[in-house]
Amino acid sequence: MSAESGGVRELAGADASRTFAVPRESSEIAPPTEAAGHARDASPPTATRVAASSLHTDHADRSARGERPVPAGRPDPSERALERFHDLTRRRGVNRVVYWLTRIVLQPLIHAYFRLERIGHEHIPDGPVILASNHRSFLDPFVIGCCLRRPIYFVAKRELFERRFWGRYLNWLGAFPVRRGESDEEAMATALALLERGEAVVIFPEGTRIRHGSLGRPRRGVGRLALESGAPVVPIAVSGTERARRGLIIRPVKVRVRCGAPLRFPRVDRPSPSLAEAVLERVWPHVQVQWEWLGGDPPLRRAVCVGEGATCDALAAALERAGVAVTRVAATAADDRRHGGEAESDGFAQPDRCAQTDLVVLAVGPDELPSAVARIRPLIGERTAVLVAANGLVGPTGATPAAYVAEQLRSGSVVAIGGAALADDELDVAAIARGEGCAVVAATDPAARARVAQALRAGGLGVDETTDVIGLELAVCAQSAAAAAAEAAASESVTLAGVAVGRVFEEVEHLARRLGARPSTLLGPAGAGQVVSAVLARLERRGTATAKPLRVRTSLHEARRLVALLEQRMGEAGVDAPFIRSLRAHLEGRLDHKRWLERVRRPRPTQRPA
């Protein structure tokens, strides 16, 4: 009988009574920070075994960082320094004088300044123990250290050890370096040595700081460490430290720590990646329990998608790939009647049959937005985020969709989305549905923005985040208006269509500045970048340079309405918009095509800066 097979049976049997009733996460586990799942040598897994690490420098990488290359065959000085830190940690541990002097000063300050609340710290046993915690701030190791009356050891990114004094000081306090995002056998060997010596080791399975939103994806290095050492694992959650730092100022926020009951696993000499991941799937839900008990944001588990069409289908598919249970709801009562009243038969549900949800996606047009908001109002709970995927402005005032929804629902957890998810070209929407697209999400609430971005990334999308909500939605409007202008000018030439696109973005950029948005947002993936993407995709598909650069999915009526509302907002903001006015007149039939093309070619007068 192998040690691994015996360990699997013990995981499934005798130790099952020590777990909470928490479902496993279904997300894919990223490569481990602590080198889990990599091939091991044939030597026994003792603390004295240190994996061989390369001391030769990658000249290309050092040149890219602006560093002087190390001659071939000569050890990298930074690598030698890291080796020394590991060696000191294994042989000597913390510097007792420096550690206890620092603790005598810092612990009372942490208790008083942060009003530290420790819950369940009596669960931490004596002897070797792995403290598996979420990671929100650089303060986390020091806060966790206040839960024990003995020194703790923790991993820190190798960049912190590049400054000689700071690196030594951290090492005296119990820190040892780790290479983030790659295999680091050296850090694993140091952690094993400390555990065999009976120490407490703090591990952050997320591998990096997750400042906002729900917990990040864990990496299975903690599972391998638990199996190789046989040490118990205590799940810990820290809340509040992410709000402490603002620039160079440390604010007196409330910090809370909650420790769960220790989890014990059998000792396995050479655990496989699958066994290490099985241990991780047992440990991480316990960390989530502690986190949510402290009031932390849970991951998105249930979502309601309101609307029909390609955008709604694409976002629903991305959320389902992320493991989110998605329910479809029609935008209006008229849509319900069109489905014959049997919403469930067409994959749609009635709003009153949906429980409160974690996320509501409004993938509707601006005309349907008021009725859609009224329908989903009962679904909005205290922590429900609203993702607004509406392309245009809401009449009659010309409000941006996210601002309208936030005002109607009195909610700050409103997130706007742009990019390929709202593209006028159906090829980009199809890419979103396949998990190959890119989107931009914007919100003033960092927690809501992070939760939505995490779910979409788990669904396979590339996601950029920004706080510029107005800039993102104006970029989406500019893209749609530019598509209409390009479609009208393309009958003359593709070059003239490009000029029309530039005219639209130029005037919308003036409006964005006046409303406090960042002009760079209009130049990003949701604005000009999306227009270029749609042009290249259309030309590549048609295989000719004379093809129309864009095929507008919006109707002529919707284009007229959007341009009219844009002109209205520009007039109210005091922005001169001669090209938008001429485009509106042309779409409404008040300006013939030839005269409008002359307006496209006409140089714009130099404007004084607003």
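In segment 197-310, taking the dipole from charged Cβ atoms about the Cα centre, the farthest positive-side position among Pro235, Val289, Ala200 is held by Ala200. Summarising the amide proton neighbourhood of Thr327: residues at separation of 5 or more, or on other chains, whose placed amide H is nearer than 5 Å comprise Ala303, Val304, Cys305. Residues Lys254, Lys157, Lys594 in ascending order of nearby Cβ atoms (within 10 Å, fewest first): Lys594, Lys254, Lys157. Averaging the Cα positions of each part gives two centres, and for segment 451-481 and segment 147-181 these lie 37 Å apart. Dipole check for segment 258-338: with +1 at the C-beta of Lys and Arg, -1 at the C-beta of Asp and Glu, and the Cα centre as origin, the magnitude is about 320 Debye.
Order by neighbour count: Ser229, Ser137, Ser371, Ser480, fewest other Cβ atoms within 10 Å first, most last.
Details: Ser229 23, Ser137 19, Ser371 15, Ser480 27.
Least crowded to most crowded, the residues run Ser371, Ser137, Ser229, Ser480.
Taking amide H as placed 1.01 Å from N in the peptide plane, Val415 has its amide H under 5 Å from the amide H of Val386, Leu387, Val388, each at least 5 places away in sequence or on another chain. Here Tyr153, Tyr404, Tyr99 are placed in order of increasing Cβ neighbour count within 10 Å, fewest first, which gives Tyr99, Tyr404, Tyr153.
No value in this document is a laboratory result; all are computed from the given coordinates. These numbers come from a predicted model, not from an experiment. Note that each Cβ is placed from the backbone with ideal geometry, even for glycine, and that neighbours are counted across all protein chains shown.
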